[in-house]
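Chemist: Got a structure here, written out as structure tokens. Questions coming.
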Amino acid sequence: MRRWSAVLLFCSCAGLLPETGFGQEKAQAGLEVTALVDVRGGRIAAGTRRTERGTELVLIRRAEVVGELSSLPVPAFRTGALRHDPQPLVADGELAGLAWLEGADGRSLAVRFARWDGERWARPRTVAAPGPGSQTALAAARLADASWLLAWSRFDGADDEVVWSRSAGPEGESWSAPRRIAQDNAVPDVTPALTAVAGGGAVAAWSRYDGEDYRVVTARFDGRGWSAPRAVGPAGSF
């Protein structure tokens with residue numbers, strides 16, 4: 001039987017910024033960083049910045065050797081005033097795509113994706129249309145077969161459920177219809193995180209309310225479906 005393990009770390013992304021060279025940029029114009037990814041020759045920070053029109057995506061690259069910061073363009077053709085939770089997607093050590101949440105308000109956010117060819121963004125496509133309520137906490141992982149996996153929390157009319165979608169190939173031209181990671185239940189499932197697993201598949205971790213407290217649970221993706229969630233955190237873990 002194949003064994004796997006995961007280490008769950010709780011940290012503040014803002015606390016990491018001074019050590020990774022993005023502290024100065026964060027202090028400018030209220031940049032809120034949501035993801036840091038390593039690329040060949042440096043690192044990319046993805047976040048949002050408030051503007052008069054709403055919130056805008058921000059991508060900043062830091063060169064590893066000289067420490068220089070440079071802004072990268074973001075996808076155009078926006079559909080709403082709000083853009084949240086940008087997740088850079090990396091392939092072969094280079095930025096290859098971006099997933100994010102976008103809409104007119106917090107209860108009408110869609111999951112969007114755009115491909116990056118090294119010079120410009122392809123026209124964004126919708127991975128998941130707005131649902132009956134909020135969609136939040138987008139997470140992403142690159143799988144061993146070169147496909148991408150996304151997970152997020154989606155309100156289904158009664159409570160939040162963690163759902164997922166997978167790209168059909170490395171280009172992200174098509175995505176599977178969003179489905180729940182676990183069976184529907186009557187309690188909130190929120191704030192998922194994803195990581196790919198050596199040898200294939202991925203592990204998802206999120207917080208599930210048990211009627212009294214939130215507890216961290218995990219599930220394993222084997223390339224076809226998800227294992228039943230199991231609790232790995234104590235009462236109050238998040």
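The values are calculated or read from the model by the stated rules, or taken from the named source; none is laboratory data. Note that the coordinates shown come from a computational prediction; the quantities given were computed from them, not determined experimentally. Quick reminder, even Gly has a Cβ in these numbers, built from the backbone with ideal geometry, and neighbours come from all protein chains shown. Note: areas computed on protein heavy atoms with side chains; ligands, DNA, RNA excluded. Shrake-Rupley method; radii C 1.70, N 1.55, O 1.52, S 1.80 Å.
Chemist: With a cut-off of at most 11 other beta carbons within 10 Å, and DSSP calling the residue loop, which trypsin sites (Lys or Arg not before Pro) in region 153-238 qualify? Please list them.
Modeler: Arg224
Chemist: Which whole-number percent is the relative contact order of region 118-238 (Cα, under 8 Å, 6+ apart)?
Modeler: RCO, region 118-238: 19 percent.
Chemist: If I model a spin label at Asp213 and Arg61 as a point 7 Å from the Cα along the Cα→Cβ vector, what separation in nanometres do I get?
Modeler: 4.6
Chemist: Between Arg179 and Leu69, what FRET efficiency follows from the Cβ-Cβ distance if R0 is 41 Å, with the result rounded to 0.05?
Modeler: My answer for the efficiency is 0.60.
Chemist: I'd like the carbon and sulfur percentage of the solvent accessible area for region 96-238, probe radius 1.4 Å, heavy atoms only, ligands and nucleic acids excluded.
Modeler: 50
Chemist: Candidates (i) 20.1, 68; (ii) 17.5, 55; (iii) 16.7, 50; which is the computed Rg and Dmax of the Cα atoms in Å?
Modeler: (ii)
Chemist: Mind listing the long-range amide H neighbours of Gly233? Cut-off is under 5 Å, sequence gap 5 or more, other chains count too, H placed in the peptide plane at 1.01 Å from N.
Modeler: Counting only residues 5 or more places away or on other chains, the set is Val216.
Chemist: Right, something else. For every other residue with a beta carbon closer than 12 angstrom to the beta carbon of Gly80, add +1 if it is Lys or Arg and -1 if Asp or Glu, then tell me the sum.
Modeler: Residues near Gly80 contribute +2 overall.
Chemist: Another question, if that's okay. Hey, quick one: spin label on Glu52, modelled 7 Å out along Cα-Cβ, who in region 77-119 has an amide N within reach, i.e. under 17 Å?
Modeler: Hits in region 77-119 for Glu52 at 17 Å: 81-82.
Chemist: Under a Cβ-only charge scheme (Lys and Arg +1, Asp and Glu -1), can you give me the dipole magnitude of region 75-174 about the Cα centre, in debye to the nearest 20?
Modeler: 300
Chemist: To continue, here is another question. Could you order peptides 107-116, 194-203 by the average number of other Cβ atoms within 10 Å of their residues, highest first?
Modeler: Per-residue mean Cβ counts within 10 Å order the peptides as 107-116, 194-203.
Chemist: Once you have a ≥ b ≥ c as the square roots of the Cα gyration tensor eigenvalues for region 149-238, tell me rounded if a/c is under 1.5, and otherwise prolate or oblate according to whether a/b is larger than b/c.
Modeler: oblate
Chemist: So, with +1 on the Cβ of K and R and -1 on the Cβ of D and E, and no other charges, what is the size of the charge dipole of the chain about its Cα centre, to the nearest 20 debye?
Modeler: So the magnitude is around 320 debye.
Chemist: Using +1 at the C-beta of Lys and Arg and -1 at the C-beta of Asp and Glu, which of Pro178, Val162, Ala202 has the Cα lying farthest in the positive direction of the dipole of region 133-238?
Modeler: The residue sitting farthest along the positive end of the dipole is Ala202.
Chemist: Calculate, in nm to one decimal, what Asp145 and Glu119 gain on full extension: separation in residues at 0.36 nm each, minus their alpha carbon distance.
Modeler: Fully extending the segment from Asp145 to Glu119 adds 6.9 nm.
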